[in-house]
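Down below is the structure, laid out as structure tokens.
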Amino acid sequence: MAKSKKTLITPKRDLITRRSALKGIAAAGAAAAASTTAPGFVRYVQAQTSEPLKLGFQVHKTGIGAAYGRWYERVVNACVGEINANGGIAGRQVEIVSEDDGTDPKRGAEMIEKFATQHGVDIAFGTLFSHVVMGSAPRAGELKLPYYVVSEGYHVSSGALNRYTFQPGITDVRSQVSSMAPWVADKLGKKVTMIYPDYAFGHDHRDYFSEAMKKQGGEIVELIPIPPTETSYTKYFPKIPSSTEVLYHVMVGPGVLTFVKELGEHYGSNRPEIFGFIDSLEAVPIDSPGLEFLEGTYFWEGYPRYAQPDQTPYDKHYREVVGVNDEGASVNDPKDISTYSHMFGCWETLYIIKQAIEASGYKGPKDKAALIEATEAITDIPWDNQHPQGDKVFNGKMHQVFGHQNISQVANSKLDVVHRTSIEDGMYENDTDYSKMPL
Amino acid sequence: MSAGDTMAAHGATRRGLFDKALLLHLAVLAVLFGLQFVIGEYQHLSLARVMVLATYAVGYNILFGYTGLLSLGHAMFFAAGLYGAGIGASQFGLGVQESFIAGVFSGLVLSTVIGLIALRTTGVAFMIVTMMFAQACYLLTLYFGEYTRGDEGIVLKGDIRQMVMFGYPFDLTSPVVRYNIAFGLLAVCVLICLALVRSPTGRVLVAIRENEERAGMLGYDTFRTKLFALVVSGTMSAAAGAAYALLFAYVGASFASIQYSILPLLWVLLGGIGTVLGPVVGTLLMFYLVDYASEYTSAYMLVVGVALLILVVWFPKGLLGTLRERVIAWLP
Amino acid sequence: MDFGPYLFLAVLEGTVTAAVLALTALGLSLVFGVMRIVNVAHGEFFMLGAVLAWWFSSMVSGSPAIGFLVAIVMAPLVVGAIAVLCERTVLKRINYDPEATIVATIGILYIIQQLALTFYGADARPVQAPVNFRVVFPWFGYSGYKLVVIAASAVLLLATWFVLTRTRFGLIMRATQFDSETAQAFAIPVDRVYAVVFAIGAMLAATAAVLIVPIQQAHYLMGGDPLLLSFIVVIIGGLGSIFGTVVAAIIIGISDGVISVFFTPTLAKILATLLVALVLVLRPQGLFGKTPR
């Protein structure tokens, strides 16, 4: 069964599926696996620690998040492969139990229940879409299942969730957006029109970018929220005032290419400065037909898709292991563009999990409390192979990580980094403190 | 429709069969209650959710199965309950019972208003009108993002979900409490549905389904009866929504989307349209189809699709509907 | 932008929407009208058309126009074949029972969607337009291809109208629609008519999708909106009325565009939605429908 699953979904790269999780890893792990299947054996005779560590991976394989989910899965499999080859976590091999949540909050909640009770995982992780996180997190909190999301939503640090939910591998929207304002105001202009999806993700952009822009003496001249059911955008462009110096856009979903193309048709060569979030073009080639007009515009990038001239050895290593080339595409298929600005979060989250488990001496579910506390105790995160995107600061009270952001310009249908923010640019204060909640 | 004819034909002997049908339903409910002591932890958690959703399907069936009105907008009633309870608890600090009542009341009001407008149409026009209203409601949940957080939704946190009933504290985060509340809700709704379809009003509903004109000519106020059915159906759906919000602590716009209007239709059709237990069977079946198929392949939608086709070829009237046609004609 | 030009732009945009919608809805209307079934998988035939268009056009090298021409011929044919397969293996077997058909077509929807995800993937992929020019009005620039879409759709609608009203096949279809039992009695092979109608319905949707795909990229979830919209159009227009379907598509397409001029976008969507509901409440048989027999 696992075989057919493999060939059906991702024929290209080797996957660690649930039932073949221990295949092709170090000999020690294989031996341990063999002993678990041999009949008549007392399971794990030596010590409980020889049992693999089970991580429940909540992945968007179907539904609106599928384009991201596919890459999240590749990164997770590559990272777990590396961790296992290097001796696993605290000496235990890692087994990934992946289940599709259909990018649906109800199914997501069911998944958490399944992980906690049927699969008996130690940790759940990997959720991207905010509404799935919101639907799943209460169940994780009540079932006391440590839950590490990779979502970039402003839900963890806003205090809406619980002690068991963390976002240690990717920065949140509020932080990303606020850190953009100083550069935008300084380099592009102070009169901004914002185009954003008319739901929570877009509202976070609206609220926190407007706030940060005002601090820089800027002004939002018009807000254009787009309903999620929209498929064509041209009719909204006349709402952009002619006084606009900077057009700020962030769109997600399958309609984004249309959006960008129609924007190009609307303006021709005579356009204001344009600043967008790469979320609009994740998994999309910049040289797609119709995107020529993006030349010279700017994008936020969580992690630069194109290998830069000053590429770190960490980035080189990360690309190699995941199987991504210097253009941010799959090495097996140069047309298959990654979701480079988000998927690194899975890699870094797994290494944070490793760090926390090893620091807490976690042996099994009874040590959950220690694991939570050890995660909360993490502060400075170095820039290395485990955290290739950059150094970061983790806030144990907010359960949220803060890091650097990049601003890139489209040049020759590539993205060149023109500015890298400091961690402080994206810092904010609020009174969220999960560490005081009961465990 | 043969179901209605069967019922009419057996009308004379109904009294004698009263106990048989009632006993069957009580037995099924008893099994559902008893299951919690024997099934595994995961099934226990899942079944609680399935029972809440089955309540939604039971509510849907009153309008669709017994009155013959196909609504494509029931998600708005489910969402009315969901948001009524969720916003009540998170924004107005209502307790669990008050929030639940707020949810049910929202559903009652909404279904009355929608009924007064939409019931001026029938057939395909009714399908579209309800779908349009539901779509407007879905967009409203996004439009008022300030209160609803749109698609991302609201999480109801810990202390909101503690309640005291009959002097005893109940913690909605406890699986046992949740299972039994879900069971209680389903049991009440199944029994209401059973009582309704066996009452004179229920027979008027079926008469309307079979031939509205004839029912009208016989002197029944068909508009009022249909409105009654829609309000009962919508309020029951809202009760399911309110329970979902309070039991599973999440309120989000995806529950107001068209998908959640189609799902109860699918559950009812699978289980057997116009049978009291059909919706429960359909909801259970669909959940386990998805759950088991996804164990073996990530292309589980394919498996579910094929399973639906096989089911529909063998059981065109749904599981219980076909069973009633062939074996147990007395099934209400 | 001034009000006048803005309104003009909104109307243009609405016309493009209407053109594609009319074709898709006409397909649904035929199936609905003749076979009396609701085909929930109609949107998936639309999606398949778009996905196949990407596939065919990416196989053909050289000018994008050639790739597009191959796509617009081949994609509907393949989709039509798939539709016949569905009709013969499933719908016929359940005897077109209206309720069972809903479940069956939901099943077909799941299957097609999953296959598209498995073999095509989750990405939205663009197809290059066969012609690429920008029409410059005094107030704004506009995609030339969009105007081509309007024209092509008008031609196709006229052709369909001609087939339905001026040919023998159209007569057979209308006879079946009017009363399938009597038609059968007059030796019309109703069974085969059903298969053909189901195929034509799917092919119209696929054609519409091929036309739109240079504007709107192929994506495996793109079938949902066209299904809902065409469903609405068919009912508003009145069952079985080609003319009504086209008029309803124009009303819905343009009202969506124009209302967005006056209100914030989401509010505009809400109002447009309520407007449609209101039309039906006032005229439940649709704008051009006759009171059902």
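The values are calculated or read from the model by the stated rules, or taken from the named source; none is laboratory data. As the structure is a prediction and not an experimental result, all values here were calculated from the model. Please note: Cβ atoms are built from the backbone with ideal geometry, for glycine as well, and neighbour counts cover all protein chains shown.
Some observations on this one:
- Flag if residue A:431 is among the charged types (D, E, K, R) and assigned to a loop (DSSP other than H, G, I, E, B): yes
- Residue count for region A:395-439, restricted to those that are among the acidic types (Asp, Glu) and under 15 Å from residue A:154 (Cβ atoms): 2
- Identity of the residue in region C:69-92, over 20 Å from the mean Cα position of the chain (by Cα) and surrounded by 16 or more Cβ atoms within 10 Å (Cβ to Cβ), that ends up nearest to the other protein chains (Cβ to nearest Cβ): C:90
- Strands (runs of 3 or more DSSP E) enclosed by region A:183-298 - at least 1 residues per element that are surrounded by fewer than 20 Cβ atoms within 10 Å (Cβ to Cβ): A:191-197, A:219-226, A:273-277
- Considering B:268, B:280, B:304, the condition of being touching a helix residue (DSSP H, G or I) at 6+ places or on another chain (Cβ under 7 Å), at negative phi, modelled with pLDDT under 90 and part of a helix (DSSP H, G or I) is satisfied by B:304 alone.
- None of B:146, B:152 is within 13 Å of chain A (Cβ to nearest Cβ) and crowded, with 22+ Cβ neighbours inside 10 Å except B:152.
- The listed residue being more than 30 Å from residue C:230 (Cβ to Cβ), β-branched (Val, Ile, Thr), more than 14 Å from chain A (Cβ to nearest Cβ) and in a helix (DSSP H, G or I), out of B:160, B:181: B:181
Yes/no matrix, rows are residues, columns are (1) under 22 Å from the mean Cα position of the chain (by Cα); (2) surrounded by 18 or more Cβ atoms within 10 Å (Cβ to Cβ); (3) closer than 30 Å to residue C:58 by Cβ:
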| residue | (1), (2), (3) |
| --- | --- |
| C:139 | no, no, no |
| C:146 | yes, yes, yes |
| C:149 | yes, yes, yes |
| C:153 | yes, yes, yes |
| C:162 | yes, no, no |
| C:174 | yes, no, no |
| C:187 | no, no, no |
| C:200 | yes, yes, yes |
| C:213 | yes, yes, yes |
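- Matching strands (runs of 3 or more DSSP E) fully within region A:306-415 where at least 1 residues are more than 30 Å from residue A:273 (Cα to Cα): A:392-395, A:400-403
- Exactly one residue out of A:284, A:256 is at pLDDT 85 or above and within 10 Å of chain C (Cβ to nearest Cβ): that is A:284.
- Selected residue [free of Cβ contacts under 8 Å to residues at least 24 places away in the same chain, over 30 Å from residue A:123 (Cβ atoms) and of a type in the set (Asp, Glu)] from A:186, A:198, A:207: A:207
- Qualifying residue in region B:57-72 (condition: under 19 Å from residue B:285 (Cβ atoms) and among the β-branched types (Val, Ile, Thr)): yes
- All positions within region A:122-144 that are under 18 Å from residue A:353 (Cβ atoms), in contact (Cβ under 8 Å) with a residue 40 or more places away in the chain and surrounded by 24 or more Cβ atoms within 10 Å (Cβ to Cβ): A:122, A:123, A:124, A:125, A:126, A:127, A:128, A:136
- Of all the numbered requirements in (1) more than 29 Å from residue B:148 (Cβ to Cβ); (2) within 14 Å of chain B (Cβ to nearest Cβ), residue A:199 misses one, and that requirement is (1).
- Residue A:109 vs. criteria in contact (Cβ under 8 Å) with a residue 12 or more places away in the chain, over 30 Å from residue C:111 (Cβ atoms) and in a helix (DSSP H, G or I): no
One line per residue, one yes/no per condition, for (1) in contact with a strand residue (DSSP E or B) (Cβ under 9 Å, 6 or more places away or on another chain); (2) buried (at least 24 other Cβ atoms within 10 Å of the Cβ); (3) of a type in the set (Gly, Ala, Ser):
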position	(1), (2), (3)
C:179	no, no, no
C:183	no, no, yes
C:196	no, no, no
C:209	yes, yes, yes
C:240	no, no, yes
C:247	no, no, no
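- Flag if residue B:251 is within 27 Å of residue A:113 (Cβ to Cβ), touching a strand residue (DSSP E or B) at 6+ places or on another chain (Cβ under 6 Å), crowded, with 22+ Cβ neighbours inside 10 Å and more than 11 Å from chain C (Cβ to nearest Cβ): yes
- In the set (1) more than 8 Å from every other protein chain (Cβ to nearest Cβ); (2) surrounded by 24 or more Cβ atoms within 10 Å (Cβ to Cβ), the condition left unmet by residue B:317 is number (1).
- Residue check, residue C:289 in contact (Cβ under 8 Å) with a residue 40 or more places away in the chain, on the phi > 0 side of the Ramachandran plot, part of a loop (DSSP other than H, G, I, E, B) and of a type outside the set (D, E, K, R): no
- Of all residues in region B:119-130 being at the interface with another protein chain (Cβ under 7 Å from one of its Cβ atoms) and hydrophobic (A, V, I, L, M, F, W, C), the one that is surrounded by the fewest Cβ atoms within 10 Å (Cβ to Cβ): B:124
- Checked against the criterion of being away from chain C (no Cβ under 14 Å), surrounded by fewer than 24 Cβ atoms within 10 Å (Cβ to Cβ) and part of a loop (DSSP other than H, G, I, E, B), the candidates A:63, A:87 yield just one match: A:87.
- Filter result for residue B:261 (away from chain A (no Cβ under 14 Å), part of a helix (DSSP H, G or I) and among the hydroxyl-bearing types (Ser, Thr, Tyr)): yes
- The set of residues in region A:372-402 being within 27 Å of residue A:85 (Cβ to Cβ), crowded, with 17+ Cβ neighbours inside 10 Å, touching a strand residue (DSSP E or B) at 6+ places or on another chain (Cβ under 8 Å) and not hydroxyl-bearing (Ser, Thr, Tyr) consists of A:378, A:381, A:387, A:389, A:390, A:392, A:394, A:401.
To keep it simple, each residue is scored yes or no on (1) within 12 Å of another protein chain (Cβ to nearest Cβ); (2) more than 27 Å from residue B:209 (Cβ to Cβ).
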position	(1), (2)
B:40	yes, yes
B:44	yes, yes
B:48	yes, yes
B:58	no, no
B:63	no, no
B:67	no, no
B:72	yes, no
B:75	no, no
B:78	yes, no
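- Residue A:158 in contact (Cβ under 8 Å) with a residue 60 or more places away in the chain, surrounded by fewer than 24 Cβ atoms within 10 Å (Cβ to Cβ) and either within 14 Å of chain C (Cβ to nearest Cβ) or in contact with a helix residue (DSSP H, G or I) (Cβ under 9 Å, 6 or more places away or on another chain) (or both): yes
Here is a yes/no grid of residues against (1) within 23 Å of the chain's Cα centre (by Cα); (2) more than 7 Å from every other protein chain (Cβ to nearest Cβ); (3) part of a loop (DSSP other than H, G, I, E, B):
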| position | (1), (2), (3) |
| --- | --- |
| C:243 | yes, yes, no |
| C:254 | yes, yes, no |
| C:258 | yes, yes, no |
| C:266 | no, no, no |
| C:272 | yes, yes, no |
| C:275 | yes, yes, no |
| C:281 | no, no, no |
| C:284 | yes, no, yes |
